Amino acid sequence: MMQQYDDAKEACGDALLFFRMGDFYELFHDDAKVAAKAVGLTLTSRDKNTANPVPMAGFPHHQLEGYLGKLIKMGHRVAICEQVEDPKKAKGLVKREVTRVVTPGTLTDDGLLDPKENNFLAAVCASAPRGKSKQDEELVGMAWVELSTGQFQAASFPRSKLVDELLRVAPAECLLPENSELLPEYIANETLLTKRPDFAFSLDTCETKLSQHFGTKGLQGFGFEATDTPAIQAAGAVLDYLLETQKTSLDHIEAIVPYRSGYCLEIDEATRRSLELTKTLRDGRRDASLLGIMDRTVTPMGSRLLANWLANPLTDAGAIRVRLDAVKELVGELTLCADLRDELKQIYDMERLLARVTTGRASPRDLSCIG
């Protein structure tokens, strides 16, 4: 069994390993010490009477979500190793496998997510090292996905705008090449930075992975242009990370949308902070920000959409007029507005529910809510 544990630990790298043993999840060695200190588990040991006792800590399986949530909030990555066959039918040792790796940017469990906020996983990289023009040399790529809904976007822009754009998206986790110096050190206070091998950002590899996932011969059909190679690299790195950590279907990620900054107002880092659009300057609270004051939505989907609109003010006059016409229509029909609110209150978070179905992690309660 400990050989099984060692094999699983090797496969999940620096993630803390939750190893299923009957009705408990157990951690061993340094993982046990880290988890015991972080979340208050009792630290014991296996083989106490030997020269080298093994540190050990554990908890009942039904408490998984609670301990997982605490460790993720602290910035840890956690691998879940499950028993993948019925112990009653197993011949000898029960087979176990790492079924997923949970990180701050790859959450799908309802209890671990704030229903009112997006939970993005992002990646950033510089231009591809070959075939660059002078303009490409100044470009960086960024891609961001919300695994819990399937929303996936990517963009290329001048390097000087990278920090502003990253803080606009506000990802829970950001991937970057292991030798990269694209981001200033203080960004680590805003998001978990995860280093990835340089080959994960290879242009050829990324184009192939994305085309295979979407079932296309290229990405031109999604609206990407020749100058978007760094965006494609970043998007491919995001998809590669999801495939590695989730080990399940990602079919709910149906498209990738190129983000064009000119469609929305560009707001620099300092201005975004001082305006307190979505969180307060002093303590990062949502409820005292502009968003907190304005948010009277009655569904999680509406709340996340409003947050996106406030973070990305429109610049296109036609699109602004369409939005204002919709507001005027509802303001003039108070009864209709009240009826709509009553109907919408009965709708659950369809975006995240359907994503859990696609990834094979839906509960009976999730299916009932969809019904």
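The values are calculated or read from the model by the stated rules, or taken from the named source; none is laboratory data. Since the structure is predicted, the reported quantities are computational estimates derived from the model, not experimental observations. Don't worry about glycine lacking a Cβ; one is built from the backbone with ideal geometry, like all the others, and counts go over all protein chains shown. Calculation scope for accessible area: heavy atoms of the full protein, side chains included, ligands and nucleic acids excluded. Shrake-Rupley method; radii C 1.70, N 1.55, O 1.52, S 1.80 Å.
Across segment 261-272, the number of residues qualifying as open to solvent by 60 Å² or more (accessible area, probe 1.4 Å) and without any contact (Cβ under 8 Å) to a residue 40 or more places away in the chain comes to 1. Taking segment 76-123 only, how many residues are modelled with pLDDT of 90 or more, among the small types (Gly, Ala, Ser) and in a loop (DSSP other than H, G, I, E, B)? Residues that pass the stated criteria total 1. On the given criteria, is residue 318 of a type in the set (Gly, Ala, Ser), exposed (fewer than 12 other Cβ atoms within 10 Å of the Cβ) and farther than 30 Å from residue 247 by Cα? Yes; evaluated as a whole, the condition is true for this residue. Among the listed residues 304, 356, 361, identify the single one that is of a type in the set (Lys, Arg), in contact with a Pro (Cβ under 9 Å, 6 or more places away or on another chain) and open to solvent by less than 70 Å² (accessible area, probe 1.4 Å). Criteria check complete, one pass: 304.
Of everything listed in (1) open to solvent by 40 Å² or more (accessible area, probe 1.4 Å); (2) free of Cβ contacts under 8 Å to residues at least 60 places away in the same chain; (3) within 22 Å of the chain's Cα centre (by Cα), the single unmet condition for residue 278 is (2). Quick check on segment 168-180. Is at least one of its residues more than 30 Å from residue 356 (Cα to Cα) and part of a helix (DSSP H, G or I)? Scanning segment 168-180 turns up no residue that is more than 30 Å from residue 356 (Cα to Cα) and part of a helix (DSSP H, G or I).
Identify all residues within segment 16-25 that are at pLDDT below 95 and open to solvent by less than 40 Å² (accessible area, probe 1.4 Å); write none if there are none. Within segment 16-25, just 22 meets the criteria. Only residues that are without any contact (Cβ under 8 Å) to a residue 40 or more places away in the chain, open to solvent by 30 Å² or more (accessible area, probe 1.4 Å) and not in a strand (DSSP E or B) were counted across segment 39-65, and they come to 12.
Just to be sure I understand, how many residues within segment 353-371 are under 15 Å from residue 112 (Cβ atoms), over 17 Å from the mean Cα position of the chain (by Cα) and not in a loop (DSSP other than H, G, I, E, B)? Looking only at that region, the number is 1.
Condition first: open to solvent by 90 Å² or more (accessible area, probe 1.4 Å) and either on the phi > 0 side of the Ramachandran plot or not in a helix (DSSP H, G or I) (or both). Now tell me which residues in segment 340-352 satisfy that. Within segment 340-352, 345, 346, 348 qualify.
Taking residue 337 as the residue in question, decide whether it is closer than 30 Å to residue 244 by Cβ, without any contact (Cβ under 8 Å) to a residue 60 or more places away in the chain and either of a type in the set (D, E, K, R) or in a helix (DSSP H, G or I) (or both). Here the answer is no, as residue 337 does not meet what is asked. Close contacts from segment 287-306, counting a first residue that is among the basic types (Lys, Arg) and a second that is crowded, with 16+ Cβ neighbours inside 10 Å, with Cβ to Cβ under 7 Å and a gap of 6+ residues or different chains, come to 304/116; 304/117; 304/118.
Results for (1) open to solvent by 50 Å² or more (accessible area, probe 1.4 Å); (2) touching a residue at least 12 places away in the same chain (Cβ under 8 Å); (3) in contact with a Lys or Arg (Cβ under 8 Å, 6 or more places away or on another chain), shown as yes or no for each residue.
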residue	(1), (2), (3)
201	no, yes, no
205	yes, yes, no
211	no, no, yes
217	yes, no, no
222	yes, yes, no
239	no, yes, yes
245	no, yes, yes
252	no, yes, no
259	no, yes, no
